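Take a look at the structure below.
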Amino acid sequence: MPAKVISTKSAEHYKWGGPQSTDCDGWHLVKADTLSIIEELMPPGTAETRHSHVHARQFFYVLEGELTLDVEYHDFIVHPGEGIEVSPGQRHQAKNKSTSPLRIIVTSHPPSHGDRIDA
């Protein structure tokens, strides 16, 4: 595939999470067979469903806001410029407990779609 510049304006977009199951936004910045890089926007008070992945190793990196990442029932607070790794099999849940929007980059290797087990 030739190199190209990608942004949330040109990337494939989808809605997910929160009370309506469509409260959060995601953009596939890289969507390949062996790698997934997604930018996500989580409004205040939203969260994903607790889950794990069989094969995917994930890295959550905060661009803006404050991520509360529950990993095996322990809350980690992650600030802009910080990240946290989640290993395959670890139950986790991303939450925005703050009063500001949260923007994160989620990198998954291999991609996590179809690899998810709700806990």
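A few points about this structure:
- Rounded if a/c under 1.5, otherwise prolate or oblate - the range 36-119, Cα gyration tensor axes: prolate
- Per residue accessible area in Å² of the chain, where ligands, DNA and RNA are left out and the probe is 1.4 Å: 56 Å²
- In the complete set of protein chains, residue-level accessible area for L35 is approximately 60 Å², probe 1.4 angstrom.
- Taking a ≥ b ≥ c as the square roots of the eigenvalues of the Cα gyration tensor, the range 1-63 is classed as oblate, since a/c reaches at least 1.5 and a/b does not exceed b/c.
- L102 long-range amide H proximity, modeled H, under 5 Å: M42
- Selected from Q90, Q20, Q58 as most flexible by GNM, with the chain as the system and alpha-carbon contacts under 10 Å: Q20
- Of all accessible heavy-atom area on the range 9-88, the percent that carbon and sulfur account for (1.4 Å): 53 percent
- Anchor K4: lysines whose Cα lies under 16 Å away (excluding residues fewer than 8 positions away in-chain): K31
- Evaluated with a Cβ-only charge set (Lys, Arg +1; Asp, Glu -1), the chain carries a dipole of roughly 220 debye about its Cα centre, given to the nearest 20.
- Take 22-32, 73-83, 109-119 and order them by the average number of nearby Cβ atoms within 10 Å per residue, most first; the result is 22-32, 109-119, 73-83.
- Eligible lysines near K95 by straight Cα distance, threshold 22 Å, same-chain separation 8 or greater: K15
The values are calculated or read from the model by the stated rules, or taken from the named source; none is laboratory data. Keep in mind that what you see is a predicted model, and the values were worked out from it rather than measured. All Cβ positions, glycine included, derive from the backbone under ideal geometry; neighbour counts span all protein chains shown. With ligands, DNA and RNA removed, areas are computed over all heavy atoms of the protein, side chains included. Shrake-Rupley method; radii C 1.70, N 1.55, O 1.52, S 1.80 Å.
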